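Below is one structure, written out as structure tokens, with a few remarks after it.
Values quoted throughout were computed directly from the atomic coordinates according to the rules given, and no laboratory measurement underlies them. Worth saying up front: this structure is predicted, and the values here are computed from it rather than measured. Glycine also receives a Cβ, built like all others from the backbone with ideal geometry; neighbour counts cover every protein chain displayed.
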Amino acid sequence: MWSDTTMHVQSSTRTPAVLDWLEVLSGIGLVLFIMGHSLFVASVIFGASTFNGMAGFFENTGLAQVGGPIIGLVFLLHFVLAARKIPFRAAQQSVIWKHARMMHHEDTWLWLIQAVTGMLILLMGSIHMWVLLNDLPITAEKSVALLYAGTWLWFYLFFLLFVAMHVAIGVYRAGVKWGYIRRENRARMKKYLYIFAGVLVAIDLVSLIRFYFLSV
Amino acid sequence: MDRMLTINIFRYNPQDPDSKPHMESFYIDETESMTLFIALNRIREEQDPSLQFDFCCRAGICGQCGMVINGRPNLACKTKTKDLPSQITLLPLPFFKLIGDLSVDTGTWFREMNTHIESWIHTSKEFDPEAEEERMDNELAEQIYELDRCVECGCCLAACGTARMREDFLGAVALNRIARFILDPRDEREEKDYFEIIGNDQGIFGCMGLLGCEDVCPKNLPLQDQLGFLRRKMGFFALKDLKRGKKKTC
Ligand code: SF4
Ligand code: SF4
Ligand code: FES
């Protein structure tokens, strides 16, 4: 049976496509943000005053106060969109878990890692933003003090690892899904992305170590 | 070549109320150029005539002998025992209805899928049995043939995390078939017709890009490339359509 589609029906059938677009676009935006963020934090390598200068710039221009909450919203949006595919029901969870163990298949594991790190990042990212944005201005001195308090050093070590993994796997999988990573370049691209993740971790680690030994 | 193989096989007969799912081990001496097809037939002939499994062509053409071999879905007739360790575990393909032991019903699912995606050439031209067949560019014919090599074994579905979690997912096999009709100039369906079938979470937007399908397909079909092509095509179609819809309303 054929009938002319009405506007209402049309818009509902386009929804999955639009949501898929939003998922990948918000993801790309967040990847760019994370890279910029890592570079900003890395300014501490040149000393506390460089870092404080950068932080001051972001705050004086209002970028931190306005940008922070916006990034938070994009994070949330990205999570909600991606969560459409995450198995929340116990039956599905047990199926995918058994499936991954049965298959010994790298890409299936990568997806599981991405789903798990995604949820952890949402939690840890919220804590991180809450702590920092509630105590503006951001200064190297306060960051150092934080790292020495309680288990915050461990928190940040794991946080940066999870973020790097999630970002690299996410870029890889977006490339695969949208057909930019193809059969012929898949192995090469995967290698590049592991390198990308490594570089991201390295930059963050160097910053963290620099903070830790910063004399302020 | 004097290996003794241990083949652990899933046993269960849903027809028999006394039957319980369990694993059973069979021991068999490996012979030259042995495939799992040969091994299973020898077990059935020499050790247990009640063992159920499907075969037809023993040459990777009928797609009947798909099963999970040491964790990976594959065709038993194409799998040489020399490429496997001496401990071999065989399970029926998940996702499909179990008939018994290693035998599953792939036919019902494939029939439904083919009906759902209308897996035939849609044309308004009257068929003339007398007329010479229309000519097609050789390169294009080869491209279509490449996607038509699918033997409907179901391995890609059994390997797909999405299909395992969501029963209504069409899977790489159906998406690949749609890609084949998109290529075919004789099919008069337009982008919007294809979008109706696969432009949703049951179709291309449900695919999570886990590439289980790509990595197990025994016929080595270019599934990954088709999935990427379709997502872009359907994604951009939705955007264009959205713009058109906006224009119409204002
Ligand atoms: S696409 Fe490959 S794995 Fe899937 S049914 Fe066809 S031949 Fe089998
Ligand atoms: S790439 Fe898509 S179709 Fe293939 S196994 Fe993954 S989710 Fe399934
Ligand atoms: S028996 Fe036909 S494909 Fe294996």
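Values computed for the structure shown
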read-out: Sum of -39500 (n - 2.57) over DSSP H runs of 4+, divided by residues of chain A (222 nm, nearest 500); value: -27000 deg cm²/dmol
read-out: B:Arg44 versus B:Phe236: modelled label distance in nm, points set 7 Å from Cα along the beta carbon direction; value: 4.9
read-out: Calculated FRET efficiency for the pair B:Lys125/A:Thr15, C-beta based, R₀ 30 Å, to 0.05; value: 0.25
read-out: Label-point gap, in nm, between B:Asn8 and A:Ser49 - each point 7 angstrom along Cα→Cβ; value: 6.7
read-out: Rounded FRET efficiency, nearest 0.05, which uses the C-beta distance separating A:Asn185 from B:Glu133 and R0 of 45 Å; value: 0.75
read-out: Order by protection proxy (mean Cβ within 10 Å, highest first), peptides B:213-226, A:171-184, A:147-160; value: B:213-226, A:171-184, A:147-160
read-out: Mean Cβ count within 10 Å, highest first, over the residues of peptides B:15-23, A:108-116; value: A:108-116, B:15-23
read-out: Estimated [θ] at 222 nm from DSSP helical runs (n ≥ 4, -39500 (n - 2.57)) normalised by residues in chain B, nearest 500; value: -11000 deg cm²/dmol
read-out: For the range A:140-216, projected area of the alpha-carbon convex hull averaged over all directions, nm²; value: 5.6
read-out: Neighbour net charge for B:Leu40 - beta-carbon separation under 12 angstrom, K R +1, D E -1; value: -2
read-out: Cβ-derived FRET efficiency at R0 30 Å, A:Ile113 paired with A:Leu153, nearest 0.05; value: 0.85
read-out: Kirkwood hydrodynamic radius of the range B:4-103, Cα pairs, Å; value: 13.6
read-out: log₁₀ of I(q)/I(0) at q = 0.07, 0.08, 0.14, 0.17 Å⁻¹ - chain B, Debye sum with one point per alpha carbon; value: -0.31, -0.40, -0.97, -1.24
read-out: Unit Cα scatterers, Debye sum, chain A: log10 I(q)/I(0) for q = 0.14, 0.15, 0.18 Å⁻¹; value: -0.97, -1.08, -1.38
read-out: Separation of the B:Phe55 and B:Tyr145 label points, Cα + 7 Å toward Cβ, nm; value: 2.9
read-out: Extension gain, A:Arg89 back to A:Arg101 (0.36 nm per residue minus Cα-Cα distance, nm); value: 2.5 nm
read-out: Exposure proxy ranking, count of Cβ atoms within 10 Å, fewest first, for A:Val163, A:Val206, A:Val201; value: A:Val206, A:Val201, A:Val163
read-out: The range B:201-243, Rg to Rh (Cα coordinates; Rh as Kirkwood inverse mean 1/r); value: 1.08
read-out: Peptide-level mean, for A:174-186, of C-beta atoms on other protein chains within 10 Å; value: 6
read-out: Inverse mean reciprocal Cα-Cα distance (Kirkwood Rh) of the protein assembly as shown, Å; value: 25.7
read-out: Stokes-Einstein translational diffusion, the range B:111-250 - Kirkwood Rh over all Cα pairs, 0.692 mPa s, 37 °C, in µm²/s; value: 202
read-out: Whole-angstrom Cα spans of the range B:147-201 along principal axes, big to small; value: 33, 26, 10
read-out: Unit charges at the beta carbon, dipole of the protein assembly as shown: most positive-side option, A:Tyr194, B:Ser124, A:Gln92; value: A:Tyr194
read-out: Cα lying deepest toward the dipole's positive end in the range B:4-103, options B:Ile43, B:Pro73, B:Leu84, charges on Cβ; value: B:Pro73
read-out: Peptide-level mean, for B:157-166, of C-beta atoms on other protein chains within 10 Å; value: 5
read-out: Shielding by partners - mean other protein chain Cβ count within 10 Å, residues of B:209-218; value: 6
read-out: DSSP H segments from chain A that extend 30 Å or more along their own axis, Cα-based, with Kyte-Doolittle mean of -1.0 or above; value: A:7-42, A:106-133, A:152-177, A:186-212
